[in-house]
Amino acid sequence: MSNEAIRQQGFTRRALFLGGGMGLVGAALATRMAWLSIFEGEKYRLASEDNRVQLRLIPPRRGWIVDRNGKPLALNKPDYRLELIPDQIGDLDAVLKTLGGILALSYDDELRIRADIAIQPGYMPVEVKRDLDWPTFAGLNVKVADVLGLRPVQAFSRVYPDADHFAHLLGYVGSPTPNQYKEQKDPLLIFPGFRIGKDGIERHEDRLLRGKAGARREEVTARGKVVRELDTRGDEPGATLKLTIDRDLQSFTARRLGDNSASVIVIDCVTGDVLTMVSMPAYDPNVFSTRVPTKLWKELQDNDHNPLLNKSAMGLYPPGSTFKMVTSLAVLAAGVPPGAGTSCSGKYRLGNNTWHCHSRRGHGFVNMHTALPKSCDVYFYAFGRQVGIDAIAVMARRMGLGQKYELPLPGQAAGIVPDIAWKDKRYGKPWNPGETLNTSIGQGYLIANPLQLAVMTARVASGREVMPRLLVPTDGSPPPEFPSLGIPEEHLQIVRQGMYDVINSGIGTARGARSPIDGVHFAGKTGTAQVRRITAAERRAGVKRNEALPWKQRDHALFVAFAPTEEPRYAISVIIEHGIAGGRYAGPIARDVLTFLYDPERAMKTLIPIEAAMKARREAEARAAAVEAAAVAEPETLMPSWLRMEEVTPPVFEIAPPDAPQPERDEP
């Protein structure tokens, strides 16, 4: 075979191999193309669709909160804002420089934005500016449309028309925390401007008020610019929440308290509806629902009147002489006749110790009929010791003390109703007789919150196991029929008569709380609770009067009442921290609040001198603060947007040992 034939044969073989290889490659490519188009076509079609179409959440409008008459307590207003997503921002400096020319961002604004970006995850939106007017917002939609990571947001802001009057009851809303998003995996929690409940009813009923998000499908460019809207599924607004609260009564009560650090609760004795639950001073939830200035937050924390604490549910206080109604019922239940009495010389001896009555000269002979209106400590020392602490504790729990109620309020305090078993479990020590004396007049280990005292009063007034409620049933069902307490009506009537005499007889300790309404009578009980330790040396030298002491060392002032006495409908509890004396200071507040229920116009007139004096004091304080602020100027900074008040705890009052003799004090 010639060389030419050999070369031709080799070429043909190579061509054959090369052609076969190309054929195999072509077949593989064709097979792969067929696989992608036939078997995985849907997958890539969806991926292409995801690049072309963007799904945007529509945040739901938060449900309203209204009072028993439908008046709004918490509602929404339109809010235009600009927010950025740090993970989507390329050059932050350039973006902020651009925004500075559009929105006139200050140096402090830029510092805040950078601080927020530094302390929170990159997927969490950072607020650039809120409360924009419509022309500015419309302009932003054009000017920043092509800037990835910037998003003008049309949302709603929470508004509380009565501000601090409802702060502790309603709470406030704020931005979700990163941990909350990690736990719930709800995309709404990272949606710019979305708020959730942070305290009070807003927090407890958040799921109901939050609603359900809607969605909008939009065709977008590769840079995220919207081309057209494809379709929309609307959001479902949160449910409207109706409370048992009376807005007008609540606002009046808050104003009536003035500058006092105090709590007032009014309960319907028949239905259990809480008509008023005021804790003052308070904060403005409209501020807390946005961003709290650091200076304001520090002022609230340092304020000795505890404006961050819901005193109505979380505050714990010795009930003082308001507890004598419970001791009276325990004495009657033990078989002691109401006519049985003792002689009060102003002192009661037990062993080597002396317990004092609030009357230094004594009350003479007293029985239950006179001991309650006179608030004679010696009577309750003697008969409280006779029946024993366990009998008193059983009656206290029956009257609603020492327990939490099923209410939409975070952080309720249960208080303490002590007995022999409790002390043994808590301290591993036996009960002392002196501790029974102190408990019988509402001191010692015994502590309760204002809500419990209002329930106690409602149960005395009605003879039924009244349970408080704050939410009106959505199905319109009638209020429950409360069962009887199982206490003989004649026993309750003796205590009610004693409470009537506290206000309406010549020997009572709260004559200043008499009803100004013709045909309507109030019945009540005063209370004064010691908050400081009194040394033996001070007792020998003479116990200092409350007015001569610093504010935080003065006794608490308490008052409970119900009205009308002929057919009880309303029960009230008033506690003024360090208010000196219940009959003198807490009683008139209860009188005016109860008056509002019957004659609002008459009650409103009592606010004129109170608010005038308060305005003068605040103006003087503002002038002094302005002078001080001018001397030390500090830049304003803001707290994190997800601020919560979980760590706020009630103050601890310094009190005497539970078995120490009680000193002389001002009961009226």
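Figures for the structure shown
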read-out	value
Residue match in segment 55-64 (condition: at positive phi, assigned to a loop (DSSP other than H, G, I, E, B) and modelled with pLDDT of 75 or more)	no
Residue 434 vs. criteria at pLDDT below 95, more than 26 Å from residue 577 (Cβ to Cβ) and crowded, with 21+ Cβ neighbours inside 10 Å	yes
Subset of segment 76-101 [outside any helix (DSSP H, G or I) and surrounded by 15 or more Cβ atoms within 10 Å (Cβ to Cβ)]	76, 79, 80, 81, 82, 83, 84, 85, 89
Candidates 136, 177, filtered to the one that is more than 23 Å from residue 60 (Cα to Cα) and not assigned by TED's automatic domain parsing to the domain that holds residue 280	136
Selected residue [assigned by TED's automatic domain parsing to the domain that holds residue 569, surrounded by fewer than 21 Cβ atoms within 10 Å (Cβ to Cβ) and not in a helix (DSSP H, G or I)] from 421, 413	413
Leading residue by the ranking (nearest to residue 399 (Cα to Cα)) among those in segment 464-486 that are among the polar types (S, T, N, Q) and either crowded, with 20+ Cβ neighbours inside 10 Å or free of Cβ contacts under 8 Å to residues at least 24 places away in the same chain (or both)	484
Whichever residue in segment 503-542 is aliphatic (A, V, I, L, M) and under 33 Å from the mean Cα position of the chain (by Cα) and, among such residues, is modelled with the lowest pLDDT	531
Matching residues in segment 233-263 - criterion: being closer than 19 Å to residue 309 by Cβ and of a type in the set (Phe, Trp, Tyr)	none
Members of segment 105-130 found to be within 15 Å of residue 82 (Cα to Cα), among the hydrophobic types (A, V, I, L, M, F, W, C) and out of contact with any strand residue (DSSP E or B) (no Cβ under 8 Å at 6 or more places or on another chain), listed by number	124
Count of residues meeting criterion [under 17 Å from the mean Cα position of the chain (by Cα) and under 25 Å from residue 588 (Cβ atoms)] in segment 267-301	9
Residues that are assigned to a strand (DSSP E or B), touching a Phe, Trp or Tyr at 6+ places or on another chain (Cβ under 8 Å) and hydrophobic (A, V, I, L, M, F, W, C), drawn from segment 109-142	132
Single residue of segment 73-117 satisfying the filter (of a type in the set (Ser, Thr, Tyr) and in contact (Cβ under 8 Å) with a residue 12 or more places away in the chain) that is farthest from residue 196 (Cα to Cα)	98
Every residue from segment 204-256 that is at pLDDT below 90 and aliphatic (A, V, I, L, M)	213, 215, 220, 222, 226, 227, 230
Failed item, numbered, when residue 489 is tested on (1) surrounded by fewer than 24 Cβ atoms within 10 Å (Cβ to Cβ); (2) in contact with an Asp or Glu (Cβ under 7 Å, 6 or more places away or on another chain); (3) charged (D, E, K, R)	(2)
Pairs where the first residue, in segment 594-605, is crowded, with 17+ Cβ neighbours inside 10 Å and the second is aliphatic (A, V, I, L, M) and in a helix (DSSP H, G or I), C-beta under 8 Å, 6+ apart	595/603; 596/249; 596/603; 596/604; 597/249; 603/593
Qualifying positions in segment 332-345 - small (Gly, Ala, Ser), surrounded by fewer than 17 Cβ atoms within 10 Å (Cβ to Cβ) and under 14 Å from residue 366 (Cα atoms)	339, 340, 343, 345
Per-region count, segment 158-193, residues hydroxyl-bearing (Ser, Thr, Tyr), surrounded by fewer than 24 Cβ atoms within 10 Å (Cβ to Cβ) and part of a loop (DSSP other than H, G, I, E, B)	1
Residue ID - farthest from residue 528 (Cα to Cα), chosen from residues in segment 572-592 that are part of a helix (DSSP H, G or I) and modelled with pLDDT of 85 or more	592
Residue 403 being surrounded by fewer than 22 Cβ atoms within 10 Å (Cβ to Cβ), closer than 24 Å to residue 582 by Cβ and free of Cβ contacts under 8 Å to residues at least 60 places away in the same chain	yes
Residue in segment 162-182 that is over 25 Å from the mean Cα position of the chain (by Cα) and aliphatic (A, V, I, L, M) present	no
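To keep it simple, each residue is scored yes or no on (1) at pLDDT 70 or above; (2) touching a helix residue (DSSP H, G or I) at 6+ places or on another chain (Cβ under 6 Å); (3) closer than 30 Å to residue 162 by Cβ.
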residue	(1), (2), (3)
4	no, no, no
19	yes, no, no
26	yes, no, no
49	no, no, no
79	yes, no, yes
85	yes, no, no
108	yes, no, no
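Table: residues versus (1) of a type in the set (D, E, K, R); (2) touching a residue at least 24 places away in the same chain (Cβ under 8 Å).
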| site | (1), (2) |
| --- | --- |
| 548 | no, no |
| 555 | yes, yes |
| 566 | yes, yes |
| 569 | yes, yes |
| 582 | no, yes |
| 585 | no, yes |
| 590 | no, yes |
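The values are calculated or read from the model by the stated rules, or taken from the named source; none is laboratory data. Note that the structure is a prediction, hence the values are computed from the model and not measured. Using ideal geometry, Cβ is built from the backbone for each residue, glycine included, and neighbour counts are taken over all protein chains shown.
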